[in-house]
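For reference, the structure discussed in these notes is given below.
Values quoted throughout were computed directly from the atomic coordinates according to the rules given, and no laboratory measurement underlies them. In this text, all values refer to a predicted model and were calculated from it rather than measured experimentally. Quick reminder, even Gly has a Cβ in these numbers, built from the backbone with ideal geometry, and neighbours come from all protein chains shown.
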Amino acid sequence: MEKSAKLNKKTMFTGTVLSNAAVSKSYYEMTIELDEAGSVAFSNVIPGQFAEFDLRSAAVGPRESIPEELRDASQRQVLLRRPFSFFDSRKVLNTNPEIVRLGILYCVLGPATLRMSALSKGDQISMIGPLGNGFSVPDGTKHALLVGGGIGTPPLIHLAEHLTYNHTDIKTVAFAGARSVENAPFTMQIDNLVGATVAEFARYEIETHIATDDGSIGHKGVITECVEKWLGENSFDAGMTMVYACGPEGMLAAIANIAEKNNIVCQVSMERTMACGTGLCQSCAITKKTEGGEGEYKLCCKDGPVFDSREIVFGERQ
């Protein structure tokens, strides 16, 4: 317990909100600038890692600004920290000491994110991080397929940036799924040459495929259908290909099955309720396969959130 307490103290930082604005009906984009100690800690943050935000003292916005379906929830107290991954992490040029800014995409779903959406420039947030194990890129990788569903897309945008600047020999293809064009956690646009694309991937010149539930843009259906189609139409060396996925557990289970059928290694970022982010509360258990077949529990916050899909027992949270 003493060791964990020291860890919490060591990794607690303050972030200052630089911007916070709606990008669609339910999604917001926030930029945070870290203090000096936080900038040192996050200087080499790995895509897929996360931070725990303390939103207990954040105020709720005016009642008329609160969606009707969230007005009851807005009255509930926020007791626990909330985990958030990043779509962007960058060092500010010509600063001494070096300053880091983080980009966060989040969905307003309840009392904590409702308070988060009311934060404005200059407001401060207490945060713990970077936490967990992020995505890894094995030596010899030649193809990287990034598969995101809804709010699971942001850490893959972060990974796309990392691959673009640090693994220039890897061919990256992105697959982004959403319910509709009007309500997505990324910017969808029409390119005269390639058709529908996602601006956050297009800025890195990454081939992108889109699926929406209602067919308002891209393929009508689930994003895993686009992945299967791409695998069937393109040449690739399975041993030199990686799939990286983040999204609803049903989607992760489907993409894990597709990867296994094609003999491709797949890393999935799992989601659970993570109250502490350091393994103390034990609330984020994931069942991992064992040789005996009985399974063993791992903690999403400490052992993950990124796991090899072949090791995970899916279906616990569809």
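A few notes on this one:
- Gaussian network model of the chain, springs between alpha carbon atoms under 10 Å - residue of L18, L93, L280 with greatest fluctuation: L93
- Sorted by Cβ density within 10 Å, fewest first, the residues L231, L114, L156: L231, L114, L156
- Per-residue 3J(HN,Hα) values for region 248-264, derived from phi via the Karplus relation 6.51 cos²θ - 1.76 cosθ + 1.60 with θ = phi - 60°, read x, 5, x, 5, 5, 5, 5, 5, 5, 5, 5, 4, 5, 4, 9, 6, 10 Hz in sequence order (x marks Gly and Pro).
- H219 long-range amide H proximity, modeled H, under 5 Å: I210, A211, T212
- Test item: Cα-centred dipole of region 2-131, Lys/Arg +1 and Asp/Glu -1 on Cβ, debye: 280
- By the count of other C-beta atoms within 10 Å, a proxy for reagent exposure, T278, T16 are ordered fewest to most as T16, T278.
- Simple Cβ-charge dipole of the chain, Lys/Arg +1 and Asp/Glu -1, about Cα centre, in debye nearest 20: 840
- GNM top mover of G150, G292, G140 - the chain, alpha-carbon springs below 10 Å: G292
- Looking at region 279-313, the GluC sites (Glu not before Pro) that sit in a DSSP loop and have at most 10 other Cβ atoms within 10 Å of their own Cβ are E291, E294.
- Computed from Cα atoms, the angle from the helix 154-166 axis to the main principal axis of the chain rounds to 70 degrees.
- Close amide-amide hydrogen proximity is noted between I312 and K289, each under 5 Å apart and 5 or more residues distant or on a separate chain (H modeled in the peptide plane; Pro and chain starts excluded).
- Derived scalar couplings between HN and Hα for region 36-45 equal 4, 5, x, 5, 5, 5, 9, 5, 10, 4 Hz in order, rounded to whole Hz, by the Karplus curve 6.51 cos²θ - 1.76 cosθ + 1.60 (θ = phi - 60°), x for Gly and Pro.
- For the chain, the mean residue ellipticity at 222 nm estimated from helices alone is -5500 deg cm²/dmol, where every DSSP H run of n ≥ 4 contributes -39500 (n - 2.57) and the total is divided by all residues, rounded to the nearest 500.
- Fewest-first ranking of C281, C301, using other Cβ atoms within 10 Å as the exposure measure: C281, C301
- GNM result for the chain, Cα springs below 10 Å: residue of D237, D139, D35 fluctuating most strongly: D139
- Karplus-derived 3J(HN,Hα), 6.51/-1.76/1.60, for each residue of region 216-233, Hz, glycine and proline x: 5, 7, x, 5, 8, x, 9, 5, 5, 5, 5, 5, 4, 5, 5, 5, x, 10
- In terms of distances greater than 32 angstrom between alpha carbons, the cross-link table entries K142/K302; K25/K298; K142/K298; K25/K288 yield K25/K298; K25/K288.
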